[in-house]
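See structure below.
The values are calculated or read from the model by the stated rules, or taken from the named source; none is laboratory data. Keep in mind that what you see is a predicted model, and the values were worked out from it rather than measured. Heads up, the Cβs are rebuilt from the backbone with ideal geometry, glycines too, and the neighbour counts pull from every protein chain shown. Just the protein is used for accessible areas: all its heavy atoms, side chains included, with ligands, DNA and RNA removed. Shrake-Rupley method; radii C 1.70, N 1.55, O 1.52, S 1.80 Å.
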Amino acid sequence: MFAAMSVIWGLPYLLIKVAVGGVPVPVLVLARVGVGAALLLPIAVRRRQLAAIRPVWPWLALFALVEIILPWFALSEAERGISSSLTGLLVASVPIIIAVLSLFVSGGDRLSPIRWAGLLIGLGGVALLAGPNLVGPSASGGVARSVAEVLFVALCYASGPLIANRKLTDVPPVAMTAACLGLASVVYAPLAALDWPSSVPSVSVLLAIAGLAVVCTAAAFLIFFRLIAEVGPARASVITYINPAIAVTLGVAVLGEHVTPVMLAAFVTILAGSVLATRPARRPAGAREAAPGPEPSPAAAGARAGPGGGS
C-alpha cells in the first residue's frame, strides 16, 4: 500500500503535463476537483461526517484555498512552461518550507543545531535547483515565471498542514477532503465555462484527466487514510519524500524529459535537509511521559502528503 501511494502521488506531475497540452487550466482543475468531489461526497454523507464541518467552515475554506484552489491552478499553469520532472523536484521543498514557517508560528518546536543545519542544507538545495531557472543566463521569462509558480505552490502546500494541525484536527479526513473539493468545484465552474474548449480533447488528454480525478485524487485519499490507520500519520507522510523521485522517473521514462546532474544533486540536498530539519524534537524521558507531544492528526498528515503534497 505504501508503494502504491508513492506511485499514485508521484503520477500527477506526468498527467498534468499531458492534460495541459489539450485543455485550458481552469477546465483541467474543474474536471479534477469536480470528479473527486462527486466520488468522495457520497461517502462522507453516508458516514454522516459533514456535520463536523459546520463549526470550522471558515478555516476549512481557508485550507481549501491554500491547499487546492490556488496551488492546483498554479501547478497546472507552471507545467505549461517547465518539465514535470523539474516541477516534482521543486515541490520536494515543501518540508523545508514547513520548517521555516514553523519558526514563526506560536508553539512551534525550537530548532536544535542539527535541525538548523538541515534547514540551511535544504534551503541551499532549493536555491541550487531554482536559482539558475530564475536568474541564470538560461532562464527565460516563461521558465522563471513557471518556477516561481511552483515555489508558490510549495508555499501553499506548506501552509495547509499548519491550518489543519491547529484548526481542523476534529474534522474527519474524508469529509474535509470532499468538502474542499466541492468548494473548489464551485469556484472553478464559472472560470471553466468561460474557457471551455471548442473541440473534444484527444484520448490521451481525457485519460490523463480521468487519472488525475479518479486515481490521484479520490482513490488516493481513500487509500492514504487507510494507510494512516495502519501505520500512523507520521510514517505515512514519508511518502512526501518519495513521490518527487517517482515524478522524475516517470517524466524521463514516458515523456523523455532531460534531468541534469545539478537537478539530481539539488534533490538529494533538499531531501537530506528535509530529513534533518523535520526530525522530532527530543524530550527528556520524564517529560515525554508527563506531557507527550501529539502525533500528527490524520487531517494534518493528509494535508502534508496531499491533496497538495501529492500533486
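Numbers for the structure displayed
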{"read-out": "Unmet requirement for Pro58, which otherwise passes all of (1) in contact (Cβ under 8 Å) with a residue 12 or more places away in the chain; (2) open to solvent by 50 Å² or more (accessible area, probe 1.4 Å); (3) under 20 Å from Gly160 (Cα atoms)", "value": "(1)"}
{"read-out": "Residue in the stretch 142-155 that is on the phi < 0 side of the Ramachandran plot and either in a loop (DSSP other than H, G, I, E, B) or loosely packed, with under 14 Cβ neighbours inside 10 Å (or both) present", "value": "yes"}
{"read-out": "Any helices (runs of 4 or more DSSP H) falling wholly within the stretch 1-112 and containing at least 2 residues that are of a type in the set (Gly, Ala, Ser) and closer than 22 Å to Leu151 by Cβ", "value": "70-78, 84-91, 94-102"}
{"read-out": "Output for the stretch 93-114, where each listed residue is more than 30 Å from Ile53 (Cβ to Cβ), open to solvent by less than 10 Å² (accessible area, probe 1.4 Å) and among the hydrophobic types (A, V, I, L, M, F, W, C)", "value": "Ile96"}
{"read-out": "Pick from the stretch 61-84, criterion under 12 Å from Ser159 (Cα atoms) and among the β-branched types (Val, Ile, Thr), ranking: surrounded by the most Cβ atoms within 10 Å (Cβ to Cβ)", "value": "Ile68"}
{"read-out": "Filter result for Ile53 (farther than 28 Å from Ala130 by Cα, modelled with pLDDT of 90 or more and open to solvent by less than 30 Å² (accessible area, probe 1.4 Å))", "value": "yes"}
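Residues are listed down the side, and each one gets a yes or a no for (1) touching an Asp or Glu at 6+ places or on another chain (Cβ under 6 Å); (2) hydrophobic (A, V, I, L, M, F, W, C); (3) modelled with pLDDT of 85 or more:
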{"site": "Ile68", "(1), (2), (3)": "no, yes, yes"}
{"site": "Ser76", "(1), (2), (3)": "no, no, yes"}
{"site": "Ser93", "(1), (2), (3)": "no, no, yes"}
{"site": "Ala127", "(1), (2), (3)": "no, yes, yes"}
{"site": "Val135", "(1), (2), (3)": "no, yes, no"}
{"site": "Phe152", "(1), (2), (3)": "no, yes, yes"}
